[in-house]
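Q: The structure under discussion is supplied below as structure tokens; questions concerning it will follow.
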Amino acid sequence: MAAAPALSLRVVAECGRSKARACELRLPHGSVNCPVFMPVGTQGTMKGLTATQLDALGCRLCLGNTYHLGMRPGPELIQKANGLHGFMNWSRNLLTDSGGFQMVSLVELSKVTEEGVCFRSPYDGKEILLTPEKSIEIQNALGSDIMMQLDDVVSSTVSGPRVEEAMFRSIRWLDRCIAAHTKPGQQNLFAIIQGGLDPSLRSKCLEEMTKRDVPGFAIGGLSGGEAKDHFWRMVDLIMLLTWWCVWLWAAICLTVSSLRGLQYSRAFLNALFRSDTAAMHHVTVHNIAYQLNLMHSIRESIIEQRFPQFVQDFMKTMYGNISSYPQWAIDALASVGIILE
């Protein structure tokens, strides 16, 4: 009998008009208030910030990259350092991707077969085969709280038979990932819904993947250059079919949130850029604080039942008047009952 997943979700509040929810995601390294912004620490570090600074900013979940960490310094060394948490001196939660996204970002260095993805290392040119089993082996060694399945990723601008091929292969690879996962009681394996911009393929993928015993789902293959109108419609379709989705490469919530997070003036930063490399550090602090505070503001507005007004105020602050609003944002918000004025 499989161990219970190391995850639970509590819905704290729901917006009375839209589909927005404030939740508490409980993971092995503490609770995460959702919605949440997750900084990317590709190689075990957030560039320009220490783990202590990231913690002080209120970050409770950040991301590591399986492909790059698997290449350098390698899972064996990281495992000796008590996993990625010990390696980067991070006591909060970690999510690791599967390495699959590099099929798109390093497309000229990779070749996909049923067995896995063959990469030519950007570091020394050697060929490396990343299979579903190898991806899970690396992530088990890293010890992340949330692991992502290896999926067959194609650019969101691609259409035709390759999209369907990738979708069905992602389902088959999910089964191989589940079979290879050795720590279900300590680490959560998420499935990734593929299907490009085809609603029927997305629905089919979701139908199949929800038959598997996994604690969460990701919406994959978006924010890769597709039109925003296509983006929000795919997100909306999947959320209509299932409410237990935690991860988006680029959450639409970031465009309907508040402006907060300044600690230094823009004049100070502008002057610093001209004379001091410390500006890079300050801007990174700014960016992370801004995104984390955006999500905090959204969460508070949901709990206080003022999310629709919050969105109205944000759009006015960002764009001035409705004639300047992006049509895709107007349509996306209208689909959940928020009519911009």
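Q: Give me a count of the residues in region 11-34 that are open to solvent by 70 Å² or more (accessible area, probe 1.4 Å), in a strand (DSSP E or B) and not acidic (Asp, Glu).
A: 3
Q: Looking at region 52-65, is at least one residue touching a Phe, Trp or Tyr at 6+ places or on another chain (Cβ under 9 Å), touching a residue at least 12 places away in the same chain (Cβ under 8 Å), over 28 Å from Ser170 (Cβ atoms) and outside any loop (DSSP other than H, G, I, E, B)?
A: yes
Q: Mind telling me which of the residues Ser275, Ser257 ends up being under 30 Å from Ile193 (Cβ atoms) and at pLDDT below 90?
A: After ruling out the rest, the residue left standing is Ser257.
Q: OK, next. Of the residues Ile302, Ile238, which single one is in a helix (DSSP H, G or I), at pLDDT 90 or above, open to solvent by less than 50 Å² (accessible area, probe 1.4 Å) and not basic (Lys, Arg)?
A: One residue alone meets the criteria, Ile302.
Q: Starting from region 18-38, take each residue that is among the hydroxyl-bearing types (Ser, Thr, Tyr) and list its partners that are open to solvent by less than 20 Å² (accessible area, probe 1.4 Å) and assigned to a loop (DSSP other than H, G, I, E, B), counting only C-beta distances under 8 angstrom and pairs at least six apart or across chains.
A: Here the result reads Ser18/Ile338, each pair linking region 18-38 to a residue that is open to solvent by less than 20 Å² (accessible area, probe 1.4 Å) and assigned to a loop (DSSP other than H, G, I, E, B).
Q: Next question, about the same structure. Does any residue of region 183-204 turn out to be part of a helix (DSSP H, G or I), crowded, with 16+ Cβ neighbours inside 10 Å and in contact with a Pro (Cβ under 7 Å, 6 or more places away or on another chain)?
A: No.
Q: Among what's in region 48-91 and is under 27 Å from Pro122 (Cα atoms) and of a type in the set (Phe, Trp, Tyr), pick the residue that is most open to solvent (accessible area, probe 1.4 Å).
A: Applying the filter and picking the extreme gives Phe87.
The values are calculated or read from the model by the stated rules, or taken from the named source; none is laboratory data. Computed from a predicted model, the values in this text were never measured in an experiment. A quick note on method: Cβ atoms are made from the backbone with ideal geometry, for glycine too, and the neighbour counts reach across all protein chains shown. What goes into the accessible areas is simple: the full protein's heavy atoms, side chains included, and nothing from ligands, DNA or RNA. Shrake-Rupley method; radii C 1.70, N 1.55, O 1.52, S 1.80 Å.
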